Each structure stands twice: as structure tokens, then as C-alpha cells.
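Working notes, beginning with the structure itself.
Nothing in this text is a laboratory measurement; each read-out follows from the coordinates by a stated rule. Everything numeric here is computed off the predicted structure, so don't read it as measured data. Please note: Cβ atoms are built from the backbone with ideal geometry, for glycine as well, and neighbour counts cover all protein chains shown.
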Amino acid sequence: MTMFVYPHFSTLFHPLLLQATRPSTGWPVLVWVHGGGYVVGASFMYGYQNISLNFASQGLIVVTIQYRLAFSGFSSTGDSEMPGNLGYWDQTEAFKFLKQNIANFGGDPEKIVAFGLSAGGGSTAALSMSPHSRDYISSSIEMSGAVYANWAASDTVVSVTKQVAREIGCPETSAELKKCYKQTKPEKFLEAIEKIGPARRDINLVKYNPRVDGDFFPKDFPELIKESPPKPALIGFTDQESGYFTIMGLSKTLNEIYIPKEQFKFYKRENFTEFVKTVIAPESVFKGKAKAVQEKIVKFYLGNEMKEHKSDYYLLKYSDMLSDLLFNIPALWEAREKAAAKWPVYLYMNNYFSKDMFESDLPVKAIMRFF
């Protein structure tokens, strides 16, 4: 397992050399928040060429920012000692700085648009509703990630924080754990995460999440949306969001839901059904309703027909189901809540792709999200 820890810096791409006439109020500003499941990633991974060609050339200032990740960005004891969300506070400071200073770089402080992918999409949604950050942005573009996703907001990070504490020899009481964490070298955290694994076989597939902490998020999301000044939100997803994980098996650091390539041809109805029973709707969670919920899910994706299909069919349905649970439904849920609160909401779905993007023997070919 490789977990990357990058230095903190931001990059600004300026249209000045490409467009001579600056608008009287300054150029609009796009601020890129990178993805990576709140665990990995960095702004430099996206380079500068496409940003310059596609955005700066059109009279836009583009800023890419960094924020703390994984154990340094989202560890939490679930109380006031370590409430979590440090990565979100980092993002907020970046937007605050831009709001106060972007005019000095030729930008319009009233047109600062937060845009991001995956965890970056969830981040831009969070920034648009938190009372600590929402006044620093004018609108958001949320691509393939929504704050309503289970992986984008969960208290399971508290148990992970304590599990890591045990591995590195820290006490589990909040104050002592925090003190010990501060004194521990990053390498020790990486060793501990190596032992416990960076991901889980679950719809909350990453182990470090933001959470509703009573501070950055003083209330739950529906209430924050209702009380926040409405801001335009462009929310979207691709035709096969989870294919990046399930079929292509990429980003192993975050991925316990992929099907190994050598198992593709053996994947059948019973494999799909077993995954639903053990991961999506387990008896440990749904109790006496588990069987009924499992049957409804299987019926929704596979229908009543018991006729056996080729493995490609079941692989597609598996990917469809996880696309819905991890990305599509959370995005639609957030869009519905914002629309009900009179936010200007725009939805898109990207279903264009080139077959040249994929290996010839890949069973599912569709537009997928990429970090």
C-alpha cells in the first residue's frame, strides 16, 4: 500500500498573458479541489497544460489548492478534543485567502467558483453550506462526488482513529490520544494504516471521512442547506461511476470492492446476490428486515427472471448498483434538497466515451470517473 503525503502549496494559473482586456471587476476564478477519497491525491497530479488550454485561455483564473488528508486531515475522537475535518478547515483558509486577496491578482472576489471531483466534489458541496466557508464562494461545481455520500460524511472515522491509536501505542482517551498523535512521526501512522488496511469492503469504502462535528458542520446537511444563502450548484456524474473501482480495479489504496480480472468470466447471479447479502444489506444492520431488503435490491437490478446471463451482464449490474449507492443517489439527494431550498441547481450526466480508452477484453465499457 502506498499513501502519499504532499507538501502544502497552491498554484495559480493566470489569463493575463492570453487575454489582454481584463473585465472591470476582474476575471472569474475557478478553484480546483482535488479528489482522492480524503486519503490520497494532490493538485500537481493534474498538471498545468489542460488547465491553461481549457480555462486560462478563456479568461478564467484557475487556482489549485492542497489540504491535509487521511490521518492528518480527518482523524477524530468524536468529541471536542479532536472533532475532525481539519482538511475542510484547510480548504476554508485557502478560500478565505482568495476572497481577501484575489483582486490583487486580477480576479473577481465575487465570482469564486469551487469545483472538484470525487472527494473534491464532496468538498465543494461542504464548502457551499458550512457557515465557516460558504461566504467565500459564489457557486460550486460538484463532479462525481456529493456530501450526502456515506464515504463523504461518517462517524466511522472515530473508530478508525482509535484503531490506529492502538497500533501505534497511543491511549484511547481523547485528550491523551490527541497528545500522543501530535508526538507521533508520520511514518508510524503509515505503518499502522498498512496493518489495518486503508479501505473497507463497504459502501463507505474509505476509512478517513469528514463528519458532522458540531463546528464546521454545526447542524446536519438538510438544515444547513435550508439556512444557507442559495448558491448556484452544478452537480453531475458519469454513466458508470463505480467502474473505476469495480471493473478497472484502479486506486487500490481506496478500493476493496473490485473484482479481479481473472474472476470476470466466473461472475454469476449468486456472486451478485451474495454481495448484496453480506455487504449492501447485511442482517447485522437491517436485522429482521434484511431478507426483504435484499430481495428488493436483487429484484431491482436483476429482475424476477432466473434465467442465467453471461458474466458481463452481472458485472455491469454490480457496477450499476455501486454507482447508484456510492455516487448517483447521493448526488440526486443533495440536488433535491438544494432545489427544495430554492438553490439554483443544474444536473448533468456524462455518457460519452471512446472505446480506445479501454482494454479490449474489459467486460464493461462506459464513461467512468477518474481521480
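Can you tell me how region 213-309 classifies by the Cα gyration tensor, rounded, prolate or oblate, using a/c under 1.5 as the rounded cut? Since a/c reaches 1.5 and a/b is larger than b/c, the shape of region 213-309 is classed as prolate.
Averaging sequence separations of C-alpha pairs under 8 Å and six or more residues apart, then dividing by the length of region 262-317, give the relative contact order as a whole percent. Answer for region 262-317 is 51 percent.
Mind checking the angle between helix 174-183 and the chain's longest principal axis? C-alpha axes, 0 to 90 degrees, to the nearest 10. Its long axis makes an angle of about 70 degrees. Exposure proxy ranking for I137, I51, based on other Cβ atoms within 10 angstrom of each Cβ and starting from the fewest, stands as I51, I137.
Using only the Cα atoms of region 183-252, build the gyration tensor, take square roots of its eigenvalues as a ≥ b ≥ c, and label the shape rounded, prolate or oblate: rounded if a/c is under 1.5, else prolate if a/b is larger than b/c, else oblate. List each step's numbers first, then the result.
On the way: a/c = 2.98, a/b = 1.29, b/c = 2.31.
Verdict is oblate for region 183-252.
In terms of other Cβ atoms within 10 Å, I65, I203 run from fewest to most in the order I203, I65.
Let me check I've understood the local charge: for Y88, count other residues with C-beta under 11 angstrom from its C-beta, Lys and Arg +1, Asp and Glu -1. What total comes out?
Working: positive: R68, R211; negative: D90, E93, D213, D215.
Summing Lys/Arg as +1 and Asp/Glu as -1 gives -2.
Please return the longest range in the chain lying between exposed loop sites, taking GluC sites (Glu not before Pro), DSSP loop only, at most 13 other beta-carbon atoms within 10 Å, and leaving the sites out. The partial results should precede the final answer.
Details: sites that count: E172, E305, E308, E359.
In short, 1-171.
Checking the a/c ratio against 1.5 first, then a/b against b/c, what shape does the Cα gyration tensor give for region 262-317? Cα axes put region 262-317 in the oblate bin.
Listed by chain and number, the lysines whose alpha-carbon sits under 19 Å from that of K277, ignoring those within fewer than 8 places in the same chain, are K268, K287, K289, K291, K296, K299, K317.
Which loop chymotrypsin sites (Phe, Trp or Tyr not before Pro) in region 40-120, with loop taken from DSSP, have no more than 14 other Cβ atoms within 10 angstrom of their Cβ?
Hits after loop and neighbour filter: Y48.
Sorted ascending by nearby beta carbons within 10 Å, beginning with the fewest, K299, K219 become K299, K219.
DSSP beta bridges fully contained in the chain are about 15 percent antiparallel. The stretch between D220 and L53, if pulled fully straight at 0.36 nm per residue, gains 56.2 nm over its current Cα-Cα span. Rounded to 0.05, the FRET efficiency of the H309 and E176 pair, given R0 = 51 Å and the Cβ-Cβ distance, is 0.35.
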